[in-house]
Amino acid sequence: MTRPDPNASLTYFVEGMDCASCVQKVERMVDRLPGTGAVRTSFTRQTLELTLDETRTDRGVLEGNLRALGYVPSLRGHAEASPAPAPATHEPHDHSGHDHASHAGHTHAPRTGLPWYATGIGRLVLLTGALLAAAYALGFLAPAFADAFYIVATLIGVAPFARKAWAGARLGDPFSINMLVTLAAMGALLIGEAPEGAVVVFFFAVGELLEGVAAGKARQGIQALAALTPKTALLLEAGGAREVPADTLRVGQVVQVNPGGRVPADGVILTGTSGLDDSPVTGESVPVTKTAGDRVYAGSISTDGGITVQVDRAASDNTIARIIHMVEEAEASKAPTARFIDRFSRGYTPAVVAVSALVALAPPLLLGQPWHEWLYKGLALLLIGCPCALVLSVPAAITSGISAGTRRGLLIKGGAALEQIGRVTTVAFDKTGTLTVGRPQVTDVHGVTLPRESVLRLAGAVEAGSSHPLAKAVLAAAREAGLSLPPATDARARAGHGVQATVEGRALHVSSPRAAAALLTPDLAARIAAFEEDGKTAVVLHDAHDALGILAVRDEAREDAQAAIADLNALGVKAVMLTGDNARTAHAIAGGLNLDVQAELLPEDKLLVIDALKAQGSVAMIGDGINDAPALARADVGVAMGGGTDVALETADAALLRERVGGVPDLIRLSRATMGNIRQNIFFALALKAVFLVTTLLGYTNLWMAILADTGATALVTLNALRLLGWGRAPAREGRA
């Protein structure tokens, strides 16, 4: 006999758990079971991961509870866990969509890829609709049988919701929408209003079907992202190229990508040059020319050339997989507004039940009013009071906003970050690699005793063995000029001074102006000062006795930086540069961009500046994700620049995958558009409920109108949130939805 495992690690595919509220309902159920821990869920992948002490709770209990809630669990990695085929009468699963605390129960299609009419909820809509139509026709043809058909339509339609309501109540969630609808439908039968009960159930099922279809669209963009990675790859081996599954590629292997083909894995180009369409990762559809030594991403398209790529990441860890994983986590992360509405709804739904009972019972018992009239009004209030649309208003908009941003190169890691970025009053930028491209370039070469080309050629030879950014700039300039560099010997770096080497028989140095100060004439010192006033860094080529030439290097501002700063100003957001670079260089860059600057800051100084800015309002810090981690963490929102790098994806609250400063105002606009959408949704939900509440108490609202107040508002809120998926396709300068 096998002993129960006290620490089993289980991963389930949970068919039907494909919305944020489904995830939270499952989590609440799992949390109530003894011996569970390390619970992780994903509605995009429909998975549940946990550790389970089976000496306290058998996995059969867990699986039974999942089935009771309307889901079909299958244990991954176990032969016995293959999912059973769903029967033709498979019930709709319970999909609250909305109330993550008190309203656990909406339903929608449990299997992806099926047309709506083939899903459980779709079949229920068709069946109840046919029975309702038959009952209506019998009202004219054979009135004596019409009521029987209405009763059958009500009972068949409400049965799956009643089962889910009972399961939810048994598992600690008695105030679900399923319970409210069941009470309303059965109450309608008891007071002789079978037609109303049938219409209530039918409209509720239709609303759930529409909501499920709409909610699925918010996930399709992320799921489609995974499909962009090719299934096969051309693996290069000693015997030639052979086709292999892309998910079997290992780090270090080399693959061939033909013109027009997709890159099968993250890696580095070994040979070839091609335009790479990186839109799956960065959202930027304009191809970027890449050659040997450049990084490429799985899913990118080689537009016009063949390349060979050395794989440096497994399929499960490529950039697209990491983006999908982070978006999944972001969708499960609640914004502050969502947390507030969740707390509100925990007391709201029980209060609605209590008020409905009071309306139904108090007038007949205390005032002698007719029972039928007030029971009817109480049932209507049950339906009107359902918090579906209200609680859905935030997660629907947040999910759509995150999905829209991801497809445009704006990776936002959670609802809280998406909500907060729109509130910032100050954006603090790092300089190098953020406002500037991070790759210094030689801007000036001045010969003293040598021609300009000779200065560049000799300086390049001295710098040939150095990995310093200034050395790379000098070498790049020499290559672009087509110069042939002579060999250098005895090369070595001199800390704080520069580098030296023996070239063409004499010892040469490339030094800082301060290290070579004794060799500078007043004219040369003035020229160096002029370079530095322009934000350039000067180095001196010299031997032991004379200065031979001067080279000036500058890290230029990004092409879109000036327009982005102007954009921020138009949005009412102040921009400031925080840098450890020297004041002259910093002011030269900042002056051209029209923003404030604080220079020569140590990392701890940046933290003090951010704290001071936070005292005046919300602050976002934009950095390259490498040196700026403390500042990114200290700001209200940290945003990393980076085209899919580990640090850019993992350091901050958001990442700009296109590496454009213009992504910062875009983030703010997206946040404001999302929050505007949320405010619209909340208004729709509350306004409709207020109108129908008054009309119900005045006797103008019947049960089918009441269910429309709920399902109609829910569908309206969902469709309004889906508008965010089109954000960014047209100018939205004000950032409104």
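The values are calculated or read from the model by the stated rules, or taken from the named source; none is laboratory data. Small disclaimer: the values here were computed from a predicted structure and weren't measured. Note that we place each Cβ from the backbone using ideal geometry, even for glycine, and neighbour counts take in every protein chain shown. The accessibility values were calculated without ligands, DNA or RNA, using every heavy atom of the protein model including side chains. Shrake-Rupley method; radii C 1.70, N 1.55, O 1.52, S 1.80 Å.
Quick look at the values:
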| quantity | calculated |
| --- | --- |
| Residue that is touching a Gly at 6+ places or on another chain (Cβ under 8 Å) and open to solvent by 10 Å² or more (accessible area, probe 1.4 Å), where the choices are 675, 705 | 675 |
| Test: residue 568 is over 29 Å from the mean Cα position of the chain (by Cα) and within 24 Å of residue 672 (Cβ to Cβ) | no |
| Residue match in the stretch 409-426 (condition: within 30 Å of residue 497 (Cβ to Cβ), assigned to a helix (DSSP H, G or I), touching a residue at least 24 places away in the same chain (Cβ under 8 Å) and touching a helix residue (DSSP H, G or I) at 6+ places or on another chain (Cβ under 6 Å)) | no |
| Unique match (being closer than 26 Å to residue 556 by Cβ and surrounded by 14 or more Cβ atoms within 10 Å (Cβ to Cβ)) among 503, 455, 424 | 455 |
| Strands (runs of 3 or more DSSP E) wholly inside the stretch 539-636 containing at least 3 residues that are within 26 Å of residue 497 (Cα to Cα) and at pLDDT 85 or above | 547-554 |
| Qualifying residue in the stretch 654-675 (condition: in a helix (DSSP H, G or I), polar (S, T, N, Q) and either modelled with pLDDT of 80 or more or farther than 30 Å from residue 357 by Cβ (or both)) | yes |
| Out of 185, 233, sole residue that is at pLDDT 80 or above, open to solvent by less than 10 Å² (accessible area, probe 1.4 Å) and small (Gly, Ala, Ser) | 233 |
| Hey, residue 251 open to solvent by 40 Å² or more (accessible area, probe 1.4 Å), at negative phi and at pLDDT 90 or above or not | yes |
| Search result, residues across the stretch 418-438 that are touching a Gly at 6+ places or on another chain (Cβ under 9 Å) and modelled with pLDDT under 90 | 418, 430, 431, 432, 433, 434 |
| Residue 213 vs. criteria part of a helix (DSSP H, G or I), modelled with pLDDT of 75 or more, under 31 Å from the mean Cα position of the chain (by Cα) and closer than 30 Å to residue 727 by Cα | no |
| Meets criteria (modelled with pLDDT of 80 or more, among the polar types (S, T, N, Q), crowded, with 21+ Cβ neighbours inside 10 Å and part of a helix (DSSP H, G or I)) for residue 393 | no |
| Selection count, the stretch 62-84, where residues are at pLDDT 80 or above, of a type outside the set (Ser, Thr, Tyr) and either surrounded by 14 or more Cβ atoms within 10 Å (Cβ to Cβ) or within 31 Å of the chain's Cα centre (by Cα) (or both) | 10 |
| Matching residues, the stretch 492-507, being under 16 Å from residue 544 (Cβ atoms) and outside any loop (DSSP other than H, G, I, E, B) | 492, 494, 498, 499, 500, 501, 502, 503, 506, 507 |
